[in-house]
Amino acid sequence: MAKITHFFSGANSGNGFQNLFPEIMDPETAYDFMILKGGPGVGKSTFMKRIGAAAEERGLETEQIRCSGDPASLDAVLIPS
């Protein structure tokens, strides 16, 4: 069974917006790194959820980075392997 980890990497705080994006991964050493860009409601989060589900079906570990503004949406999907 695939290991799935869900977490938030950013949130607003008393000191302003705080994030862990630099600690998640190093784009210089990542095998493959893609950025999705588009307006609200165009399917970015749905696309990432489907990529994560496909990886999980293959038994791959995934990390789903939830959006702090809308926890039902994703900011990122990481597949460490």
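Relative contact order of the chain, taken over Cα pairs closer than 8 Å and 6 or more residues apart, is 38 percent.
Accessible surface for the chain, divided over its residues, is 75 Å² per residue with a 1.4 Å probe.
Measuring only protein heavy atoms, the 1.4 Å probe finds Thr29 accessible over about 110 Å². Of the solvent-accessible surface of the chain, computed with a 1.4 Å probe over protein heavy atoms with every protein chain present, carbon and sulfur atoms account for 55 percent. DSSP loop (so not H, G, I, E, B), at most 11 other Cβ within 10 Å: list which chymotrypsin sites (Phe, Trp or Tyr not before Pro) in the chain pass both filters. Passing both the DSSP loop test and the Cβ count: Tyr31, Phe33.
Would you indicate which of (1) 7.6; (2) 5.2; (3) 6.1 is the value of mean projected area of the Cα convex hull in nm² derived from the coordinates of this structure? Matching entry in (1) 7.6; (2) 5.2; (3) 6.1: (3).
Taking the C-alpha atoms only, the angle from helix 44-57 to the longest principal axis of the chain is near 40 degrees.
The values are calculated or read from the model by the stated rules, or taken from the named source; none is laboratory data. Bear in mind the structure is a predicted one, so any value in this text is a computation, not a measurement. Cβ: placed from backbone, ideal geometry, glycine included. Neighbour counts: every protein chain shown. For accessibility, only protein heavy atoms count, side chains too; no ligands or nucleic acids. Shrake-Rupley method; radii C 1.70, N 1.55, O 1.52, S 1.80 Å.
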